[in-house]
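The values are calculated or read from the model by the stated rules, or taken from the named source; none is laboratory data. Values in this document were obtained by computation on a predicted structure and should not be read as measured data. Reconstructed Cβ throughout: ideal geometry from the backbone, glycine too, with neighbour counts over all protein chains shown.
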């Protein structure tokens with residue numbers, strides 16, 4: 001019985017979609033003869049691309065501007081090295097300050113001892129937090 005009901009529902013849904021499909025596009029839209037040649041359509045498309053009148057995707061980005069001529073690969077690499085040395089290069093999406101150690105810190109043995117102590121004497125708040 002379930003199989004018959006599911007099959008009937010699927011058939012009804014597909015029939016509904018098929019009936020509504022002709023409303024999405026007007027037949028005149030596809031049957032109208034073109035008055036332009038293929039070359040004219042190509043030329044118009046290239047002109048629109050050049051002028052930034054055609055958008056791609058969800059965001060309308062302006063057309064790419066001219067690049068700076070005369071810069072060699074070596075110049076760009078040298079500029080990158082200088083920017084890296086001056087900490088002016090950002091990686092990722094966030095602009096975070098560099099992490100700098102402020103003090104003597106702890107030794108590996110101290111951190112390990114703290115970890116072992118936490119296993120023996122767990123914090124009740126964290127135990128309750130992770131239990132839920």
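Condition (residue is closer than 30 Å to residue 45 by Cα, assigned to a loop (DSSP other than H, G, I, E, B), under 27 Å from the mean Cα position of the chain (by Cα) and modelled with pLDDT of 65 or more) applied to the stretch 66-77: is it met by at least one residue?
Yes, the conditions are met somewhere in the stretch 66-77.
Yes or no, residue by residue, for (1) surrounded by 10 or more Cβ atoms within 10 Å (Cβ to Cβ); (2) modelled with pLDDT of 70 or more:
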site: 2; (1), (2): no, yes
site: 6; (1), (2): yes, yes
site: 22; (1), (2): no, no
site: 32; (1), (2): no, yes
site: 35; (1), (2): no, yes
site: 39; (1), (2): no, yes
site: 42; (1), (2): yes, yes
site: 57; (1), (2): no, no
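If you filter the stretch 99-114 down to residues that are loosely packed, with under 10 Cβ neighbours inside 10 Å and farther than 22 Å from residue 87 by Cβ, you find that the one that is modelled with the highest pLDDT is 109. Remark: residue 83 falls outside the filter, which requires a residue to be assigned to a helix (DSSP H, G or I), at pLDDT 85 or above, surrounded by fewer than 10 Cβ atoms within 10 Å (Cβ to Cβ) and at negative phi.
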